[in-house]
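Q: Quick one: the structure is below, and I'll ask about it shortly.
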Ligand code: GLN
């Protein structure tokens, strides 16, 4: 003890390594072990915070304010846990701490070399996370795909740790099997190449999780096993699954948990039968849901070439699912392009086809006027509307313009010269930007929020103090608090000093659900434990009398 499981990817990225890692963690926890997950991202950025969503997808935020990869969200959602910065590293953060050590003479005059010093630094970080979480088993997901140049030092880390602790380390390859021809045969050769690439890095995988649109049959399992020195039972079929939370159960059907424990010389410690059957029952319930709830997300499209990336809002999507399933509804989620409303306001009528609308977080000016039009439409037509971060800020802009009569009200993020900067940047943030200190300097992570009784927010939370995760620079301008409240905008959540607005809403007598949060509740929603605000939003969406 402790034991280490590395997970790496073969053939191509984006095949669900993060969900596989989270699922493995889940099944091992059902056998009574304390498990934690670490994500290693191979890029040089010190964290994910400085990256464009087109490059990176969603930036997930941890309670301590770490801006990281969306896979960290999967780990938290599956394990129902809260992770910290120790569970995340990048090439950049590893080099940064190594160089800081070198500058402080930590190495005592020695030459600091890429190998072994970089892998040893990675191992030190892994051990720190293990100690902090007191995990029996640490699962480390190596981002990217084997064969990429930037992965090499992390594979070297696996090799060295295995050398140090031969019976405590295993390696799992999550590989993709493309299909070919009329018979849609899954092809094994790319995976064989991926295993050989691992071999040339001095590694042999203990398991292969064979991802593909279909299950992998025995003949092809045998092919991989024979050509790659593996046992057939160690090739695990991992076909696409509509509900990702079913994947741990699929793995268990293959006895993956017990097989992993055996390789790590571990016995079942304490089987958590109740927990496992609760998970199983929930999946069965979801698969049989008949009632539907239609939710539209009004965002800007994230296009790369001919493709649109949906995973920029992955936590929002998961939070909608958690809450809808909990209430017994199957969510149908649609992408609505806010830029379309700018071109043609008649298109706004499509919003009537939805039970509820979400205005998600975002940055910059593209699509903003369209989002403001959508908010106005939802407010006037009493369609449940939930604003997240930028969503709240734009709700305030809309309300200031159309209800308070401050015609050119805006956020200074879009119009720095507006006469009515209802959303503005605080002094301390201005200083940071002047000095170009962008990385890790927004209002980040957990902040306390006080909830006002008698509001929709209180109806959801049923408590007066909560912690929620933030990621923004701008705030509702305190100079406009009075006029906004005078016109009926209720500040139902405020920071502990009462200075900053955390939640804004309209009275339920005026609107069934018109509420926005300065924080991102989606980061704290879990499978089986939905976020109270999302539950409240879905509740009012299914009550929406305009339901078709
Ligand atoms: N762009 C806004 C800000 O920086 C909102 C950010 C967000 O939605 N996460 O305050």
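All of the numbers you see were taken from the coordinates with simple rules; none came from a lab. All of these numbers come straight from a predicted model, not from anything done at the bench. So basically every Cβ, Gly included, is an ideal-geometry build from the backbone, and we count neighbours across all protein chains shown.
Q: Between residue 285 and residue 54, what is the label-point separation in nm under the 7 Å Cα-to-beta-carbon projection?
A: Label at residue 54, label at residue 285, 4.2 nm between them.
Q: What order do you get for 15-24, 133-142, 282-291 when each peptide is scored by the mean count of other beta carbon atoms within 10 Å, highest first? Before the final figure, lay out each step's value.
A: Values: 15-24: 25.2, 133-142: 22.5, 282-291: 12.9.
By packing density, highest mean first, the sequence is 15-24, 133-142, 282-291.
Q: Consider all pairwise Cα distances in the range 360-458 and report the whole-number % of them above 18 Å. Intermediate results must be reported in sequence, preceding the final value.
A: Working: 2732 of 4851 pairs.
I get 56 percent for the Cα pairs in the range 360-458 exceeding 18 Å.
Q: Please give the per residue volume of the convex hull enclosing the alpha carbon atoms of the range 454-504, rounded to a whole number of Å³.
A: Values: hull volume 4.5 nm³, N = 51.
Convex hull of Cα atoms, per residue: 88 Å³.
Q: Please report the antiparallel percentage of DSSP beta bridges with both residues in the chain, rounded to the nearest 5.
A: Numbers: 28 of 79 bridges.
Of those bridges, close to 35 percent are antiparallel.
Q: I've got another one for you. With labels modelled as points extended 7 Å from the Cα through the Cβ direction, what inter-label distance (nm, one decimal) is found for residue 179 paired with residue 250?
A: Label-label distance for residue 179 and residue 250, simple model: 1.3 nm.
Q: Among 394, 98, rank each residue by its count of other Cβ atoms within 10 Å, from fewest to most, as a rough exposure measure.
A: Details: 394 26, 98 20.
Listed from fewest to most nearby Cβ atoms, that is 98, 394.
Q: Stretch residue 80-residue 241 to full length: gain in nm at 0.36 nm per residue minus the Cα-Cα span?
A: Working: separation 161, 0.36 × 161 = 57.96 nm, distance 2.07 nm.
55.9 nm is the gain from fully extending residue 80 to residue 241.
Q: Can you tell me how much longer the chain between residue 267 and residue 412 gets when fully stretched, taken as 0.36 nm per residue apart minus their C-alpha distance, in nm with one decimal? The partial results should precede the final answer.
A: Working: separation 145, 0.36 × 145 = 52.20 nm, distance 5.90 nm.
Additional length available on full extension: 46.3 nm.
Q: When the helix-only estimate is applied to the chain (DSSP H runs of n ≥ 4, each -39,500 (n - 2.57), divided by the residue count), what is the mean residue ellipticity at 222 nm, nearest 500 deg cm²/dmol? Working shown, then result.
A: Working: 19 runs with 202 residues, N = 548.
Calculated at 222 nm, the ellipticity per residue is -11000 deg cm²/dmol.
Q: Percentage of Cα-Cα pair distances in the range 13-70 greater than 18 Å, rounded to whole percent?
A: When all Cα pairs of the range 13-70 are counted, 45 percent exceed 18 Å.
Q: Please report Rg over Rh for the chain, where both radii come from the alpha carbon positions and Rh follows the Kirkwood definition.
A: Numbers: Rg = 24.7 Å, Rh = 24.9 Å.
Ratio value, two decimals: 0.99.
Q: If you don't mind, there's one more thing I want to ask. What ranking, highest mean first, results for peptides 54-64, 340-350 when packing means the other Cβ atoms within 10 Å averaged over each residue? Mind showing how you got there, number by number?
A: Working: 54-64: 19.5, 340-350: 14.3.
Result, highest mean Cβ count within 10 Å first: 54-64, 340-350.
Q: With an 8 Å cut-off on Cα pairs and a minimum separation of 6 or more residues, tell me the relative contact order of the range 145-205 in percent. Walk me through the numbers on the way to the answer.
A: Details: 49 pairs, mean separation 23.7, N = 61.
In percent, rounded to a whole number, it is 39.
Q: Now for a separate question. Give the order of 89, 12, 1, 395 when sorted by the count of other beta carbons within 10 angstrom, beginning with the fewest.
A: Values: 89 25, 12 14, 1 10, 395 28.
By the 10 Å Cβ count, ascending, the order reads 1, 12, 89, 395.
Q: Then there's this: Which three lengths, in whole Å and largest first, does the range 220-354 cover when its Cα atoms are put on their principal axes?
A: The Cα atoms of the range 220-354 stretch 63, 39, 22 Å along their principal axes.
Q: Suppose R0 equals 35 Å; then what is the FRET efficiency for residue 96 and residue 163 from their Cβ-Cβ distance, rounded to the nearest 0.05? Please list the in-between numbers first.
A: Working: r = 26 Å, r/R0 = 0.74.
Once the sixth-power term is evaluated, E becomes 0.85.
Q: Another question, if that's okay. Where the Cα atoms of the range 287-385 are projected onto their three principal axes, how long is each span, largest first, in whole Å?
A: That works out to 40, 34, 21 Å along the principal axes.
Q: At a Förster radius of 35 Å, what calculated FRET efficiency corresponds to the Cβ-Cβ distance of residue 124 and residue 479, to the nearest 0.05? Working shown, then result.
A: Numbers: r = 49 Å, r/R0 = 1.39.
Between residue 124 and residue 479 the formula returns 0.10.
Q: Right, next: Between residue 343 and residue 113, what is the FRET efficiency for a Förster distance of 60 Å, r being their Cβ-Cβ separation, to the nearest 0.05? Don't skip to the end; give the middle numbers.
A: Details: r = 57 Å, r/R0 = 0.95.
Result of the calculation: an efficiency of 0.55.
Q: So how do 104-115, 360-371, 34-45, 412-423 stack up, highest first, on mean other-Cβ count within 10 Å? Write out the running numbers ahead of the final one.
A: Values: 104-115: 9.4, 360-371: 19.6, 34-45: 22.0, 412-423: 17.2.
The most tightly packed comes first, giving 34-45, 360-371, 412-423, 104-115.
Q: Fully extended, how many nm does the chain gain between residue 229 and residue 526 (0.36 nm per residue separation, minus their Cα-Cα distance)?
A: 103.0 nm
Q: Considering Cα pairs under 8 angstrom that are at least six residues apart, work out the relative contact order of the chain and quote it in whole percent.
A: Numbers: 1091 pairs, mean separation 83.7, N = 548.
Averaging sequence separation for qualifying contacts and normalising by length gives 15 percent for the chain.
Q: Please compute the contact order of the range 15-167 in relative form: average sequence separation of alpha-carbon pairs under 8 Å and at least six residues apart, divided by the residue count, as a percent.
A: Working: 201 pairs, mean separation 48.5, N = 153.
Computed value for the range 15-167: 32 percent relative contact order.
Q: With the alpha-carbon atoms as the only input, what is the per residue convex hull volume for the range 435-548 in Å³? Display every interim value, and only then the final one.
A: Numbers: hull volume 16.4 nm³, N = 114.
In the range 435-548, the Cα hull volume divided by residue count equals 144 Å³.
Q: Rg/Rh for the range 86-138: what does it come to with C-alpha atoms and Rh from Kirkwood? All intermediate terms of the calculation are to be shown ahead of the outcome.
A: Details: Rg = 12.1 Å, Rh = 11.9 Å.
Using Cα coordinates only, the ratio equals 1.02.
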